[in-house]
Amino acid sequence: MDMNEIKEIFFQECEEQLAELESGLLKMNDGDRDPETVNAVFRAVHSIKGGAGAFGLDDLVAFAHVFETTLDCVRSNKLEPTQDVLKVMLKSADVLADLTNAARDGGSVDESRSRGLVKELEALANGELPTPSAAVEAPAAKPAPVAAPVAAAPTPKPTDDSGFQPIPFSFDDFGGDEEDGSDLPAYEITFKPRSDLYSKGNDATLLLRDLSRLGEMSVYCNMDELPGLDELDPEAAYFYWNVTLKTDKGEDAIRTVFEFAEWDCDLQISAVEEKAAAAETEELPMIPVPFDLSILDDGATGAPAEQPKSDVAAAVAAAETASNVTQMAAAAARVEKKESAAAAAASAAAAAQNNAAAGAGQTIRVDLDRVDRLINLVGELVINQAMLSQSVIENDTTGTSSINMGLEELQQLTREIQDSVMAIRAQPVKPVFQRMSRIVREIADMTGKTIRLITEGENTEVDKTVIDKLAEPLTHMIRNAVDHGIETPEKRAANGKNVEGTVRLTAKHRSGRILIELADDGAGINREKVKQKAIANELIPADANLTDEEIDNLIFLPGFSTADKISDISGRGVGMDVVKRSIQALGGRINITSRPGQGSVFTMSLPLTLAVLDGMVVTVAGQTLVVPLTAIVETLQPEASAIHSFGASHRLISIRNSFCPLVDVGRILNFRATQANPVEGVALLVESEGGGQRALMVDAIQGQRQVVIKSLEANYTHVPGIAAATILGDGRVALILDVDAVVGASRGQALKPEMSLAAAG
């Protein structure tokens, strides 16, 4: 594996960490104060910073370091995560994502925005509100150091030419066990970092903090090797630590803390007797210095106003500042393996460790092209299995031969393989939904509105191809809802509404499809304004008599916009047009429900997969069609007494004391010029989004089978009323019916002759 492949893996992991970061911040913004949520947010930024350092991405490292420092203040309860604080952090998460994308794609980032957020983060870390006068711009490649707190103690006297005395650090009030550790095994640890440890982004203070969580610990920082200022190498490592640790976790747990730093430091661990450890500790005069290893304290720990001279604090801060970069994989793996190792050591049973390791889920990364090829091959397997079955049926009339039994087993295996392969492609919509949070924040800031995004059903799974194509239409719809749907805070207050607008994004499964709803509690669609704007743009005639639904759908016309002027957000009339075309390209439909003064709901109905479907093969006017099985409620043979005429050309069918419109599929698609006799055919009761139930009349049903979807647009062009095509078992091409389009055409707007199948043929 070359460096480019490793770098690509790093950016893929960055996407996961950024998603984890935004998800955690949104939970905190909703009031979640679970320490694990805060820790997950901190680990995400720390991991990105580490991996960026390994590839020399200095801008990304510098920003992540400041962000990480502020998050650690939240984690150590020095900074209250209020709404204002989290607003800064959410913006910082956006900039972190921009820096990551710029590092991957070679783009640029708004430096003024990133510098401004650095100042705000530094101010928050110092316990102050960020003010322009107090903000100091941090160098791009050098994170701002944070001073180490020092409690009241005798000023250390110099003992060498450098003017520094080695200072032992006490962990009595940080991270240690509250219980008496006199009976616990003791270990002497010498930890001497090399410069490589810091160049890779590892942090000595974080390692010591993690070590302190294993038990009762005291640490002694040795500065004997620190040279004079004129001989100081800023990239060298001069400090090392002597640690006495009392813990029942064992030596393995200690080594796990240093697992991914062991190659970049000199590490010695030895078990000592309790009395020997105590004697060695007594030989060294301990000067207690509270040392907060959650990236050092900011002085808010109740330390007296008069503190010792800051030479020691400056030296420790310099050591912390030197840690700029680390390998992401090492950092992430260290966190995960450290936690699992600590839990396993606490159990004190090797068998339990093995069981825990065996029970952990494992994943691998596979190139998407390989999965696509596998799906295509499975599709061909389904077609060949159908063709083989068709050949046997045509040549074997007994129905009891061993060949038939083998074919049935082959059909079951093929179905299981297909289901398994499709499960590989299925992914939750969560990444796309999370991306919308940033768009809401940005548009809300640009428009001066206060808006809250609520997401539901984020774990709803759908085919990867559908997910990839959802981002663009959802982005346009979110922008439309925020800019046009939600009123300004002043208007909302005047109308008795909460000044904070709400946008709700929901995903759920229904009848073999995925429904995505985008709802807002804004002003709804101003139908009179929409109609007048469409007339002014000559999109409809001035005397057009349109229903409310038809007026609502005018916003999907190319070039239509109700914006009074063109802005960075809207006004060019391309947003909703893109939405409709994108949804139709996925074989889906979009509907609008709007109530003036109460808001609007946009509902998108999409197929779960673009690869295969279960369908009913039917015959219409000599043509073979496939009707998606998920749309069919039931099939029935109409009787003459159940058929009723309605108007000049419409007919109804009576089904269990209710009437349902009867739709002649052959007539709608221009397969025949006159309507067929319903009694001579079969009715398929279907249910479409927004159109209710309809009875589709076909000539005959050939059977039910699984078919592979082949794009008609990729090989020909879009045909209204037809969603796609497939290959049948006898090698013939069959068209897959677009049920929603046929139902829509039956409601009074027939397919245009020039776009019909007859014209296409």
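The values are calculated or read from the model by the stated rules, or taken from the named source; none is laboratory data. Everything quoted here is computed from the prediction, not taken from an experiment. Positions of Cβ are generated from backbone atoms using ideal geometry, with glycine treated the same way; all protein chains shown enter the neighbour counts.
Observations, loosely collected:
- Conditions (1) of a type in the set (Lys, Arg); (2) more than 28 Å from the chain's Cα centre (by Cα); (3) at pLDDT 50 or above; (4) farther than 28 Å from ASP210 by Cα; number of the one not met by LYS87: (2)
- Some residue of the range 704-722 being assigned to a strand (DSSP E or B), assigned by TED's automatic domain parsing to the domain that holds LEU636 and among the small types (Gly, Ala, Ser): no
- Residues of the range 698-724 classified as within 17 Å of GLY622 (Cβ to Cβ) and out of contact with any Asp or Glu (no Cβ under 8 Å at 6 or more places or on another chain), total: 4
- ALA19 vs. criteria under 14 Å from ASN101 (Cβ atoms) and assigned to a helix (DSSP H, G or I): yes
- Single match in VAL66, VAL38, VAL61 (criterion: under 20 Å from GLN434 (Cα atoms) and more than 15 Å from the chain's Cα centre (by Cα)): VAL38
- Selection count, the range 448-479, where residues are of a type outside the set (Asp, Glu), more than 14 Å from the chain's Cα centre (by Cα) and modelled with pLDDT under 85: 3
- Taken over the range 435-449, the criterion of being free of Cβ contacts under 8 Å to residues at least 12 places away in the same chain and under 25 Å from LEU608 (Cα atoms) is satisfied by no residue.
- Remark: pairs (first residue in the range 399-419, closer than 26 Å to LEU613 by Cβ; second residue exposed (fewer than 12 other Cβ atoms within 10 Å of the Cβ); Cβ separation under 9 Å; 6+ apart in sequence or on different chains) = ASN404/THR398.
- Any hit, the range 92-115, residues being at pLDDT below 50 and either farther than 17 Å from GLU68 by Cβ or over 24 Å from the mean Cα position of the chain (by Cα) (or both): no
- Check on SER389, hydroxyl-bearing (Ser, Thr, Tyr), loosely packed, with under 12 Cβ neighbours inside 10 Å and either closer than 26 Å to VAL466 by Cβ or touching a residue at least 12 places away in the same chain (Cβ under 8 Å) (or both): no
Residue by residue, here is whether (1) closer than 24 Å to ASP72 by Cα; (2) modelled with pLDDT of 80 or more holds:
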residue	(1), (2)
ASP248	no, yes
ILE254	yes, yes
GLU262	no, no
THR281	no, no
ILE287	no, no
ASP297	yes, no
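- Among the candidates ARG75, ARG43, ARG33, the residue that is out of contact with any helix residue (DSSP H, G or I) (no Cβ under 8 Å at 6 or more places or on another chain) and touching a residue at least 24 places away in the same chain (Cβ under 8 Å) is uniquely ARG33.
- Helices (runs of 4 or more DSSP H) contained in the range 182-278 and holding at least 2 residues of a type in the set (A, V, I, L, M, F, W, C) and in contact (Cβ under 8 Å) with a residue 60 or more places away in the chain: 204-212, 251-257
- Selected residue (criterion: modelled with the lowest pLDDT) from residues of the range 702-761 that are surrounded by fewer than 13 Cβ atoms within 10 Å (Cβ to Cβ) and among the basic types (Lys, Arg): LYS752
- The requirement of being within 24 Å of GLN12 (Cβ to Cβ), in the same structural domain as ILE9 (by TED's automatic domain parsing) and buried (at least 19 other Cβ atoms within 10 Å of the Cβ) is not satisfied by PHE55.
- Count of residues meeting criterion [more than 26 Å from SER582 (Cβ to Cβ) and in a strand (DSSP E or B)] in the range 596-647: 16
- Scanning the range 450-486 for residues that are surrounded by 20 or more Cβ atoms within 10 Å (Cβ to Cβ) and free of Cβ contacts under 8 Å to residues at least 40 places away in the same chain returns a single hit, ILE486.
- The range 519-533, subset in contact with a helix residue (DSSP H, G or I) (Cβ under 9 Å, 6 or more places away or on another chain) and either of a type in the set (D, E, K, R) or not assigned by TED's automatic domain parsing to the domain that holds LYS497 (or both), residue surrounded by the fewest Cβ atoms within 10 Å (Cβ to Cβ): GLU528
- Residues of the range 678-701 that are at pLDDT 80 or above, buried (at least 16 other Cβ atoms within 10 Å of the Cβ) and acidic (Asp, Glu): ASP699 alone.
- ALA97 falls short of the stated requirement of being out of contact with any helix residue (DSSP H, G or I) (no Cβ under 7 Å at 6 or more places or on another chain) and either in the same structural domain as LYS200 (by TED's automatic domain parsing) or under 25 Å from MET436 (Cβ atoms) (or both).
- Number of the exception - GLU22 against (1) over 25 Å from LEU207 (Cα atoms); (2) surrounded by 15 or more Cβ atoms within 10 Å (Cβ to Cβ); (3) of a type outside the set (Gly, Ala, Ser); (4) free of Cβ contacts under 8 Å to residues at least 60 places away in the same chain: (4)
- Applying a threshold of 6 Å to beta carbon distances and a minimum spacing of six or more residues, or different chains, the list of pairs starting in the range 369-386 at a residue that is small (Gly, Ala, Ser) and ending at one that is buried (at least 17 other Cβ atoms within 10 Å of the Cβ) reads GLY379/VAL708; ALA386/GLY729.
- Residue among GLY56, GLY51 that is touching a Cys at 6+ places or on another chain (Cβ under 9 Å) and within 17 Å of ASN202 (Cβ to Cβ): GLY51
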